[in-house]
Amino acid sequence: MAELTNISLARGAPSPDIVAVDDLKAAAANAFEHDAAGMVAYGTAAGYPRLLEWIAKKHDVHPDRVIATNGSMQADAFLFQQLVEPGDVVVVEAPTYDRTLLSLTQLGAEILAIPLEADGIDVGALEVALNQGASPKLAHIIPNFQNPAGCTLSLEKRKRLLELAEQHDFSVFEDDPYVELRFEGESLPTMLSMDDSDRIVYASSFSKTVCPGIRVGYLVGSAELIAGIRKLATNTYISPNMVAQSIVAEFCTSGAIERSIETVKAALRERRDATAEALERHIPDARFVKPQGGYFLWVDLPEGSDVAALEAAAQERGVVFVKGSDFLIEGGESSLRIAYSAVPPDQIEEGISRVADAYRELAGAAA
Ligand SMILES: Cc1ncc(COP(=O)(O)O)c(C=O)c1O
């Protein structure tokens, strides 16, 4: 029997063919050419100065309000370490990024999970919880092309969240690594840009616009919060990776980043469409909202479907995805996340047809 090609619909990462390797090489050469002394030194925990300036300009804030880290995962970790103490209530979206759940749980936070709707977190449900006495310190929100659900927070809800944060005195962590990957529809303003009382802490990343291996992300917050996090960063690693950050600075200031974003978006749009078409064709029972950008599509199967069993049956057919329950404290047993970011369209079609085959077999066994 011919060996099956393994297809991963699990990993939230780009395939190497859509990474701008030639532009990265040029950015590295230019970085060494322009500032070898700066990039080979330790630097400071704040990050590489030219990159901080570029980020500050992009968000229209003073560079004192920015820290550039080794990936935005590190930014998330610093923020949680700085703000969250055991017993603190933290609002998360349900479902949400599994690593966020893990970090918060490890810190002893009490998780208040609020369901997602097609236009983002259910602010009505959050308001009810707040009025019933919930007193969160922080709300973690992934506003654009959410991981894992693919949905985007509407403008009305962005405004309402800010009002609720103000009324109930909590901060909002706007975790926004997918913002640049919009395939269609209008871009929405960040909550950071609408905030005039330092309620929003914003993180983003170059993992999706440059490449994940470069490990550069950042955090924007009040100067006071960022000063505290810079101290924490100094004590953790002295300084982040200056070589990587200087390359990203070159990549951004030379305009290579705009080209890279266009390449990535064109490829991902095709992959998103291939995923939606294959699901409609092969698994008519699947319910999903087609995301307007990003890496992920969330699929609900009919209630009672056993996605853990489907995961095992799909794996036997050489396809992996992540089951919905991994992104929730409870529930999600009949849902799954498909990451189309790493797979060319023909493989997506093949992968989903294998998942469909597994689904039919399980449905047949249950009947
Ligand atoms: C919502 C969210 N936050 C943070 C990250 C971490 O990204 P990185 O550390 O590569 O910047 C990811 C990665 O997939 C993510 O989906």
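Surface composition of the chain: carbon and sulfur make up 50 percent of the accessible area, probe 1.4 Å.
For the stretch 44-144, pairs of C-alpha atoms spaced more than 16 angstrom apart make up 63 percent of the total. In degrees from 0 to 90, rounded to the nearest 10, what is the angle of the helix 345-366 Cα long axis to the longest principal axis of the chain? Between the helix axis and the principal axis of the chain, the angle is about 50 degrees. Between the helical axis of 71-83 and the longest alpha-carbon principal axis of the chain there is an angle of about 70 degrees.
Remind me, what semi-axes does the stretch 108-153 give for its equivalent ellipsoid, largest first in whole Å, using sqrt of 5 times each Cα gyration tensor eigenvalue?
Rounded to whole Å, the semi-axes are 20, 13, 7.
Taking the chain as a Gaussian network of alpha-carbon nodes connected by springs under 10 Å, the highest mean-square fluctuation of the residues Phe327, Phe145, Phe288 belongs to Phe288. Within the stretch 146-192, the GluC sites (Glu not before Pro) that combine a DSSP coil assignment with at most 15 other C-beta atoms in a 10 angstrom radius are Glu184, Glu186. Normalised per residue, the accessible area of the stretch 33-110 is 47 Å², obtained with a 1.4 Å probe and no contribution from ligands, DNA or RNA. Where the centre of each part is set by its Cα atoms, how far does the stretch 87-133 sit from the stretch 181-219, in angstrom? The stretch 87-133 and the stretch 181-219 have Cα centres separated by 20 Å.
The convex hull drawn around the Cα atoms of the stretch 129-178, when projected onto a plane and averaged over every direction, covers 3.6 nm². Taking the C-alpha atoms only, the angle from helix 155-168 to the longest principal axis of the chain is near 60 degrees. For the listed residue pairs Lys137/Lys208; Lys157/Lys265; Lys137/Lys159; Lys159/Lys231; Lys137/Lys231; Lys208/Lys290, the alpha carbons are over 23 angstrom apart in Lys137/Lys208; Lys157/Lys265; Lys159/Lys231.
By DSSP, the beta bridges lying fully in the chain are antiparallel in about 50 percent of cases. Here the relative contact order of the chain, from alpha carbon pairs under 8 Å that lie six or more residues apart, stands at 26 percent. Ordered from longest to shortest, the equivalent ellipsoid semi-axes for the chain are 34, 27, 17 Å, each the square root of 5 times a Cα gyration tensor eigenvalue. Sequence-distant contacts, meaning Cα pairs under 8 Å at least 6 residues apart, place the relative contact order of the stretch 1-149 at 17 percent. Spacing of the modelled spin labels on Asp357 and Glu303, each 7 Å from Cα toward Cβ, amounts to 3.2 nm. With the Kirkwood sum run over all distinct C-alpha pairs, the stretch 60-205 has a hydrodynamic radius of 15.4 Å.
What FRET efficiency comes out for the pair Asp273/Thr105, r = Cβ-Cβ distance, R0 = 45 Å, nearest 0.05? For R0 = 45 Å, the calculated efficiency reads 0.80. For the stretch 182-301, the solvent-accessible area with a 1.4 angstrom probe is 40 square angstrom per residue. In the stretch 209-341, the C-alpha radius of gyration followed by the widest Cα-Cα span (Dmax) gives 20.1, 54 angstrom.
The values are calculated or read from the model by the stated rules, or taken from the named source; none is laboratory data. All of these numbers come straight from a predicted model, not from anything done at the bench. FYI the Cβ positions are ideal-geometry reconstructions off the backbone, even for glycines, and counts take in every protein chain you see. Each accessible area value is taken on the protein alone, full model and side chains, heavy atoms only, with ligands, DNA and RNA left out. Shrake-Rupley method; radii C 1.70, N 1.55, O 1.52, S 1.80 Å.
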